[in-house]
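Here, each number is a calculation from the coordinates, and none is a lab measurement. Not measured: the values here are computed from a predicted model. Cβ coordinates were reconstructed from backbone atoms using ideal geometry, including for glycine residues, and neighbour counts include every protein chain displayed.
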Amino acid sequence: MVELQVKLEAFEGPLDLLLHLIHKNQVDIYDIPIVEITDQYMAYVEEMKRRDLDEMSEFLVMAATLLSIKSKMLLPREAEEDEEEEDPRAELVQQLLEYKMFKSISSELKDRQMDADQVFYKLPTIPKEVLSYEQPVDVEELMMGITLKKLNSIFQELLRREKGRVDPIRSKFGSIRKEEVSLEEKMEFLSEYCVAHQRFGFRELLEEHCTKNDIIVTFLAVLELIKNGTIRIVQEKIFDEIQIQSLQGEAA
């Protein structure tokens with residue numbers, strides 16, 4: 001077995017190590033001598049025995065892959081196979097080519113970053129007179145060829161464009177006013193109303209509220225007062241008038 005003396009910190013992973021071994025042995029990446037490369041790779045793994053297992057895990061997985069490929073390469077091929085057998089190294093070669101490409105790009109970016117560190121920029125120093133300069137406007141030259149007829153034509157065109165932006169339906173909508181109706185205030189009002197009237201019709205209660213939101217909140221307030229036992233609903237027959245009866249006097 002070939003002795004391999006390397007520094008473990010020199011490689012970022014198993015693919016990095018394989019590329020190093022390929023370059024060191026000056027072999028074609030498309031035709032890797034898998035037996036020789038595997039032996040050298042295993043020698044490197046032996047050097048890592050004293051290191052942390054988490055650091056070795058990726059290298060051990062690759063070692064298993066290399067041994068699997070090595071065993072497939074050493075097995076005799078059957079002569080009667082009509083189809084051409086796939087090279088066991090194909091997938092590994094593809095991974096190495098992709099890794100080599102990304103490593104080259106990373107190296108190029110690092111070089112560009114180092115070059116950029118040597119570049120310095122100077123803030124613009126423009127005199128105040130230049131910054132404050134405004135090119136004079138010649139009104140006569142600007143208005144040359146402009147007539148009242150042409151101005152009116154431009155104005156009418158602007159009006160037509162503005163009219164085209166108006167929604168023919170929404171533009172006829174009136175203003176919508178938000179009504180603030182508090183459920184707590186409505187419940188307080190109904191409690192006082194119940195004490196004063198003791199028994200009254202539900203329709204009579206709703207007639208005192210004119211807006212839809214007010215009616216809805218009133219209905220919710222009635223439900224809340226039923227829930228907490230302040231009032232009860234009485235209806236003797238179906239479709240009869242619903243009567244609201246106060247229970248506050250009974251509780252007393």
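With each label modelled as a point 7 angstrom along the Cα→C-beta vector, the Leu74-Ser182 pair spans 9.0 nm.
Around Ile154, under 14 Å between beta carbons, what's the net of Lys plus Arg minus Asp minus Glu among the other residues?
Details: positive: Lys149, Lys150, Arg160, Arg161; negative: Glu157, Glu162.
With Lys, Arg at +1 and Asp, Glu at -1, the neighbours total +2.
Legend: residue pairs Lys70/Lys110; Lys163/Lys212; Lys72/Lys100, Cα-Cα distance threshold 27 Å; pairs beyond threshold, Lys70/Lys110; Lys163/Lys212.
If you take every residue apart from Thr65 with its C-beta less than 12 Å away from the C-beta of Thr65, what net charge results, scoring Lys and Arg +1 and Asp and Glu -1?
Numbers: positive: Lys70, Lys72, Arg89; negative: Glu58, Glu91.
Neighbour charge sum, excluding Thr65 itself: +1.
Would you please put 182-195, 95-108 in order of how densely packed they are, using the mean number of other Cβ atoms within 10 angstrom per residue and starting with the highest? Could you put the intermediate results ahead of the total?
Working: 182-195: 14.9, 95-108: 12.6.
Result, highest mean Cβ count within 10 Å first: 182-195, 95-108.
Judged by the gyration tensor of its Cα atoms, with axes a ≥ b ≥ c, segment 183-251 is oblate; a/c meets the 1.5 cut and b/c is at least as large as a/b.
Just add up the charged neighbours of Lys227: K/R +1, D/E -1, any other residue whose Cβ is under 15 Å from the Cβ of Lys227.
Numbers: positive: Lys186, Arg232; negative: Glu184, Glu224.
So the environment of Lys227 carries a net charge of 0.
In this rough spin-label picture, where each label sits 7 Å from Cα along the Cβ direction, the Ile215-Glu47 distance is 9.0 nm.
Fewest to most neighbouring Cβ within 10 Å: what's the order for Ile154, Ile126? Working shown, then result.
Details: Ile154 11, Ile126 8.
Ordered by Cβ neighbours within 10 Å, fewest first: Ile126, Ile154.
When Val139, Val181 are arranged by Cβ crowding within 10 Å, least crowded first, meaning fewest neighbours, the order is Val139, Val181.
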